[in-house]
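Step one of this worksheet: look at the structure below.
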Amino acid sequence: MTNRLAIDSLMHSPGALVDVRSPSEFTKAHWPGAVNLPLFDDEGRAEVGTLYKQKGRQQAIQRGLELVGPQLAAMGHKLQQIAQQGPGSLRIYCWRGGMRSGSVAWLASTLDIDVVVLEGGYKSFRRWVLGQFERPWPVQLLGGGTGSGKTDVLLALAQQGGAMVDLEGLAHHRGSSFGGLGQPEQPSTEMFENELAVALVALEGQAPLWLEAESVQIGRCRLPNGLWQQMQQAPVVVLERPQKERIDALVALYGAEAHGGLLEATQRLQRRLGPQRTKDATDSIRSGDLSSACAVILDYYDRCYSYELNRRSTPITRLAVEGLSASAVAHQLLQLKSA
């Protein structure tokens, strides 16, 4: 009989994670680090599922056997390859921990591969993920105007031993209208949540836990409500960097981007910038004067940021960082919190 483990036990067991759901299920979201070895392709899964509902379990299983039979040898070979990549049992899951994971586990066992199945499947992993955002975390926010280098500071802080989660890195988006430029495709919100939960738990017991002060939406990825509410109640350290330094940083960051992408991102702000400032910014972009375009757009972002900051009721610490590198600012943050 296949050994089945609850989420907490399986999570702390060694071995490769194997997701046997269909490719589209896996692409939408999965357990971070899992390998996709689908028992059925998308069409086969839909066909078997429809048969199960319309004709019953027996006919669905029979059709499933017909679909899987020709690929058993290839699947067995892949299972052996995965098992050889490291110690521990193969940890297999499907949607509910039912027939798909049980079938692949049977094949692995037949090949003398140690295997365990996640009890409750991916659904149990998702319950675990959502539960992490309801736990209390020692959140400390890092704020500052656009271009003040918050992400670089957080990365430097991690290198110096601080605990931080790079929300924008997980979302593949820098948060503003321009935030998707030069970034990989964003994950689904569900996949973002999965990555975020795993990242949080990896820092369990460390404090403070630094996060960038974000709005609830980072591109198309939405912060989970439980964590978002904690962020609203967290203290904030605000980096204060001169506008000239911020403009230089933004030009260095976005200067290599095609003007078409910059123009499109600026046009998305037209309702907020107004027609004249939008024209000034887009004219500057077309002429190659990105510094002037940044100055126009920063004026809008700074007013929005000041408004949101003034609404906060939590402690705010302002930190002047003129001329300082990300590493130097990170060192100050660590000293500030240990003082």
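For Ala281, the conditions (1) open to solvent by less than 50 Å² (accessible area, probe 1.4 Å); (2) assigned to a helix (DSSP H, G or I); (3) within 30 Å of Gly162 (Cα to Cα); (4) among the small types (Gly, Ala, Ser) all hold with the exception of (3).
From the list Gln243, Gln335, Gln232, Gln276, the lone residue that is among the polar types (S, T, N, Q), open to solvent by 50 Å² or more (accessible area, probe 1.4 Å) and under 28 Å from the mean Cα position of the chain (by Cα) is Gln232.
Just checking, does segment 85-100 include any residue being closer than 15 Å to Trp210 by Cβ, modelled with pLDDT of 90 or more and open to solvent by less than 50 Å² (accessible area, probe 1.4 Å)?
So in segment 85-100, the residues closer than 15 Å to Trp210 by Cβ come out as none.
Taking every residue of segment 85-100 in turn, none turns out to be closer than 15 Å to Trp210 by Cβ, modelled with pLDDT of 90 or more and open to solvent by less than 50 Å² (accessible area, probe 1.4 Å).
Only one of the numbered conditions (1) open to solvent by 30 Å² or more (accessible area, probe 1.4 Å); (2) at pLDDT below 95 is not met by Gln159, and that is (2). Residues considered: Leu181, Leu141. Of these, the only one that is buried (at least 20 other Cβ atoms within 10 Å of the Cβ), outside any helix (DSSP H, G or I), in contact (Cβ under 8 Å) with a residue 60 or more places away in the chain and at negative phi is Leu141.
Glu193 fulfils the conditions (1) within 29 Å of Gln332 (Cα to Cα); (2) touching a Pro at 6+ places or on another chain (Cβ under 8 Å); (3) of a type outside the set (A, V, I, L, M, F, W, C) except for a single criterion, (1).
Each residue in segment 136-186 was checked for being aliphatic (A, V, I, L, M), under 13 Å from the mean Cα position of the chain (by Cα) and under 15 Å from Pro208 (Cα atoms), and 1 pass.
Against the definition (under 30 Å from Leu262 (Cα atoms), touching a helix residue (DSSP H, G or I) at 6+ places or on another chain (Cβ under 9 Å), modelled with pLDDT of 95 or more and small (Gly, Ala, Ser)), how does Gly169 come out, yes or no?
Values: under 30 Å from Leu262 (Cα atoms): yes; touching a helix residue (DSSP H, G or I) at 6+ places or on another chain (Cβ under 9 Å): yes; modelled with pLDDT of 95 or more: yes; small (Gly, Ala, Ser): yes.
Considered against the rule, which asks whether it is under 30 Å from Leu262 (Cα atoms), touching a helix residue (DSSP H, G or I) at 6+ places or on another chain (Cβ under 9 Å), modelled with pLDDT of 95 or more and small (Gly, Ala, Ser), Gly169 comes out as yes.
When Ser325 is tested against the conditions (1) within 30 Å of Ala156 (Cβ to Cβ); (2) crowded, with 17+ Cβ neighbours inside 10 Å; (3) not charged (D, E, K, R), the lone failure is (2). Checking each residue in segment 287-307 for being exposed (fewer than 12 other Cβ atoms within 10 Å of the Cβ) and not in a loop (DSSP other than H, G, I, E, B) picks out Arg303, Ser306, Tyr307.
Is it fair to say Glu195 is modelled with pLDDT of 95 or more, assigned to a helix (DSSP H, G or I), open to solvent by 60 Å² or more (accessible area, probe 1.4 Å) and in contact with a helix residue (DSSP H, G or I) (Cβ under 9 Å, 6 or more places away or on another chain)? Yes; evaluated as a whole, the condition is true for this residue. With the requirement that a residue be on the phi > 0 side of the Ramachandran plot and either free of Cβ contacts under 8 Å to residues at least 60 places away in the same chain or not small (Gly, Ala, Ser) (or both), what does segment 144-178 give you? Of everything in segment 144-178, those that are on the phi > 0 side of the Ramachandran plot and either free of Cβ contacts under 8 Å to residues at least 60 places away in the same chain or not small (Gly, Ala, Ser) (or both) turn out to be His172, Gly175.
Of everything in segment 220-256, what is assigned to a strand (DSSP E or B), closer than 16 Å to Leu142 by Cα and not charged (D, E, K, R)? Give them in sequence order. Of everything in segment 220-256, those that are assigned to a strand (DSSP E or B), closer than 16 Å to Leu142 by Cα and not charged (D, E, K, R) turn out to be Val236, Val237, Val238, Leu239. Against the numbered list (1) open to solvent by 50 Å² or more (accessible area, probe 1.4 Å); (2) within 26 Å of Gln160 (Cα to Cα), Ala330 comes up short only at (1).
The residue that is nearest to Val238 (Cα to Cα), counting only those in segment 302-339 that are touching a Gly at 6+ places or on another chain (Cβ under 7 Å) and not aliphatic (A, V, I, L, M), is Tyr305.
Would you please name the residue that is nearest to Leu209 (Cα to Cα), looking only at residues in segment 101-123 that are part of a helix (DSSP H, G or I) and open to solvent by less than 10 Å² (accessible area, probe 1.4 Å)? Step by step, filter segment 101-123, then rank; the result is Tyr122.
The values are calculated or read from the model by the stated rules, or taken from the named source; none is laboratory data. From a predicted model like this one, the values you see are computed outputs, not experimental measurements. Neighbour counts are summed over all protein chains in view; Cβ atoms, including those assigned to glycine, are modelled from backbone coordinates with ideal geometry. Remember, those area values only see protein heavy atoms, side chains included, never the ligands or the DNA or RNA. Shrake-Rupley method; radii C 1.70, N 1.55, O 1.52, S 1.80 Å.
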